[in-house]
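Student: Dropping a structure here in structure tokens format, bear with me for questions.
The values are calculated or read from the model by the stated rules, or taken from the named source; none is laboratory data. Predicted model only: the values in this text are computed from it and were never measured. Glycine gets a Cβ as well: all are built from the backbone with ideal geometry, and neighbour counts include every protein chain shown.
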Amino acid sequence: MSNNEHRRAAAIGGHGSPRDRLQDPSRRLSSLLVEESCLDLPLTREILARAGDLPLTVIPDGGEPAPDLAPYPQSLTQGKRLLHLGRNRGRFLKPCPATRNYRCCDYQVLNIGAGCPMDCAYCILQAYLNNPWLSFYVNIDDLFHELDQALAAKPGQIFRIGTGEFTDSMALDRLTGLSARLIKYMADKPNAVLELKSKAVVLDHLPPTGHRGRTIMAWSLNSTEVMHKLELHTADLDTRLQAAARCAAWGYPLAFHFDPIIHHPGWEEGYRATIRRLYQLVPAVSIVWISLGAFRFLPALKEVITSRFPNANFIHGEFVPGLDGKFRYFRPHRTRIYQVLVEELARHAASHTCTYFCMENDQVWQDVFGYTPEDKGGLPAMLDAASRTAEKN
């Protein structure tokens, strides 16, 4: 850990050493808020036991968890240290909120909660979620019942399911223990694979055997410049990659996501260096897929970023409105960025690894890869084939 990282970690506060808090962001929490009707649920009791001396407040069902927070968006900083335990009263499993104008992979989102204790300056959740505090749903009997019904209803369909859309899959796992339950559940589901995506390294409770390759452990990666300056309270590059190598040794398939790719001084060598380090520490044969996505944002996000991170100059670059209402780099600029990363990946990746774009149009696919997803049977088919390869390996 560098001196800069020690100084950054020392400002975090919370339980555990500075290094512990960077690797396990649940240690940043300052208090728990529990809906009264959830107090006797088994998972709530487990979480409270693991939380130790964290202050606990019981709130009425549907009550306001944190009425004394600062005005938005400053409330986002305080809210990242407050964990609300309640019920999901809607559906747990939903299709990825994509748009018809860009290629989507037909990902299924398993909604386990909302918000993240880490603090990435570019995070779209800052402008997307309604509440500043963290939420986790403790009525997991309903979650597994819904999964049972969905998987049984379409036995011929492959469900690629992820928990990392509205939260980080592993950031709270020391307290919740949910990932281990999901891994064991997925082990005997022939028509589903689970992806757990994170910037944390909370692994000690995961089953090293018995997963049958049906859970893909995934990490978000970036240039070290972006990771150090814009991804606060997260594990550093080598720590993430060492965790990935540990999972590979346990037989887990792996995935990595370069998203968002951010243009910055030295970006080309920065991303090339991250890719080279990835393949130095992680066996190429274990990597199922790698996604690439250039930075894009909702219009409302710019004001939030400039307020919370006034020195974050990346938000003031040249962007153009996309077909989905988000601002993006100009297409030729995106294409150039992708070409650099794809060229470096091609030097190292195993032949079965599927490299793909997250939410890009066919012209970009054609310009970078020389084909469109339809030429390969569609992006979902490409990823399904990669997941089947992972099981064989």
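Student: Residues that are of a type in the set (Lys, Arg), in contact (Cβ under 8 Å) with a residue 40 or more places away in the chain, at positive phi and not in a helix (DSSP H, G or I): does segment 214-234 have at least one?
Tutor: Within segment 214-234, not a single residue is of a type in the set (Lys, Arg), in contact (Cβ under 8 Å) with a residue 40 or more places away in the chain, at positive phi and not in a helix (DSSP H, G or I).
Student: Could you list all residues from segment 119-130 that are surrounded by fewer than 20 Cβ atoms within 10 Å (Cβ to Cβ) and either modelled with pLDDT of 95 or more or closer than 30 Å to Lys154 by Cβ (or both)? Spell out how you get there, then give the answer.
Tutor: From segment 119-130, those surrounded by fewer than 20 Cβ atoms within 10 Å (Cβ to Cβ) are 121, 124-125, 127-130; that's our starting set.
Of everything in segment 119-130, those that are surrounded by fewer than 20 Cβ atoms within 10 Å (Cβ to Cβ) and either modelled with pLDDT of 95 or more or closer than 30 Å to Lys154 by Cβ (or both) turn out to be Ala121, Ile124, Leu125, Tyr128, Leu129.
Student: With Pro208, Pro190 as the choices, which residue is out of contact with any strand residue (DSSP E or B) (no Cβ under 7 Å at 6 or more places or on another chain), in contact (Cβ under 8 Å) with a residue 40 or more places away in the chain and assigned to a loop (DSSP other than H, G, I, E, B)?
Tutor: Pro208
Student: For segment 1-116, which helices (runs of 4 or more DSSP H) that fit wholly inside it have 2 or more residues that are at pLDDT 90 or above?
Tutor: 42-51, 75-79
Student: Could you tell me whether Pro260 is of a type outside the set (A, V, I, L, M, F, W, C), surrounded by 21 or more Cβ atoms within 10 Å (Cβ to Cβ) and modelled with pLDDT of 95 or more? Give the steps one after another, and end with the answer.
Tutor: Working: of a type outside the set (A, V, I, L, M, F, W, C): yes; surrounded by 21 or more Cβ atoms within 10 Å (Cβ to Cβ): yes; modelled with pLDDT of 95 or more: yes.
Against the criterion (of a type outside the set (A, V, I, L, M, F, W, C), surrounded by 21 or more Cβ atoms within 10 Å (Cβ to Cβ) and modelled with pLDDT of 95 or more), Pro260 qualifies.
Student: Separate question: Look through segment 254-295, keep the residues that are part of a loop (DSSP other than H, G, I, E, B) and closer than 17 Å to Glu231 by Cβ, and return whichever of them is nearest to the chain's Cα centre (by Cα).
Tutor: Of segment 254-295, the ones part of a loop (DSSP other than H, G, I, E, B) are 262-266, 282-283, 295.
In the following step, the residues that additionally are closer than 17 Å to Glu231 by Cβ were identified as 262-264, 266, 295.
Numbers: Ile262: 17, His263: 20, His264: 22, Gly266: 25, Phe295: 15 Å.
Restricting to residues being part of a loop (DSSP other than H, G, I, E, B) and closer than 17 Å to Glu231 by Cβ, the top hit is Phe295.
Student: Does segment 277-295 include one or more residues that are modelled with pLDDT of 95 or more, farther than 27 Å from Arg388 by Cα and of a type outside the set (Phe, Trp, Tyr)? I'd like the intermediate steps shown before the answer.
Tutor: From segment 277-295, those modelled with pLDDT of 95 or more are 277-295; that's our starting set.
Right, trim to farther than 27 Å from Arg388 by Cα and you get 294-295.
Within this subset, residues satisfying the condition of being of a type outside the set (Phe, Trp, Tyr) are 294.
Yes, the conditions are met somewhere in segment 277-295.
Student: A follow-up question, please. Looking at segment 163-177, is at least one residue over 19 Å from the mean Cα position of the chain (by Cα) and in contact (Cβ under 8 Å) with a residue 24 or more places away in the chain?
Tutor: no
Student: Of the residues Asp173, Asp168, Asp188, only one is of a type in the set (Asp, Glu) and surrounded by fewer than 17 Cβ atoms within 10 Å (Cβ to Cβ); which?
Tutor: When all the criteria are applied, what remains is Asp188.
Student: May I pose another question? For segment 32-56, name all the residues that are surrounded by fewer than 16 Cβ atoms within 10 Å (Cβ to Cβ) and under 26 Å from Arg181 (Cβ atoms). Please lay out each step first, then the result.
Tutor: As a first pass, look at segment 32-56 and keep what is surrounded by fewer than 16 Cβ atoms within 10 Å (Cβ to Cβ): 36-37, 39-40, 42, 45-46, 49-50, 52-53, 55-56.
Glu36, Ser37, Leu39, Asp40, Pro42, Arg45, Glu46, Ala49, Arg50, Gly52, Asp53, Leu56, listed by residue number.
Student: While we're looking at this one, here's another question. In the set Leu323, Leu298, which member is more than 20 Å from Ile161 (Cα to Cα), surrounded by fewer than 18 Cβ atoms within 10 Å (Cβ to Cβ) and within 20 Å of the chain's Cα centre (by Cα)?
Tutor: Values: Leu323 fails: within 20 Å of the chain's Cα centre (by Cα).
It is Leu298.
Student: Of the residues in segment 159-187, how many are polar (S, T, N, Q) and assigned to a loop (DSSP other than H, G, I, E, B)?
Tutor: The number of residues fulfilling the criteria is 3.
Student: Moving on to the next point. Would you call Met217 surrounded by fewer than 24 Cβ atoms within 10 Å (Cβ to Cβ), of a type in the set (A, V, I, L, M, F, W, C), within 25 Å of Ala385 (Cβ to Cβ) and in contact with a Lys or Arg (Cβ under 9 Å, 6 or more places away or on another chain)? Spell out how you get there, then give the answer.
Tutor: Numbers: surrounded by fewer than 24 Cβ atoms within 10 Å (Cβ to Cβ): no; of a type in the set (A, V, I, L, M, F, W, C): yes; within 25 Å of Ala385 (Cβ to Cβ): yes; in contact with a Lys or Arg (Cβ under 9 Å, 6 or more places away or on another chain): yes.
When the stated conditions are applied, Met217 does not pass them.
Student: Could I ask something else about it? Please go through segment 311-330 and give me each residue that is in contact with a strand residue (DSSP E or B) (Cβ under 8 Å, 6 or more places away or on another chain) and closer than 17 Å to Ile262 by Cβ, ordered by number.
Tutor: Matches in segment 311-330: Ile315, Phe319, Val320, Gly322, Lys326, Phe327, Arg328, Tyr329, Phe330.
Student: Now for a different question. How about segment 339-374: which of its residues are within 14 Å of Ile261 (Cα to Cα), crowded, with 21+ Cβ neighbours inside 10 Å and either in contact with a His (Cβ under 8 Å, 6 or more places away or on another chain) or without any contact (Cβ under 8 Å) to a residue 60 or more places away in the chain (or both)?
Tutor: Within segment 339-374, just Cys358 meets the criteria.
Student: Which one of these does His205 not meet: (1) within 26 Å of Lys80 (Cα to Cα); (2) modelled with pLDDT of 95 or more?
Tutor: All conditions are met except number (2).
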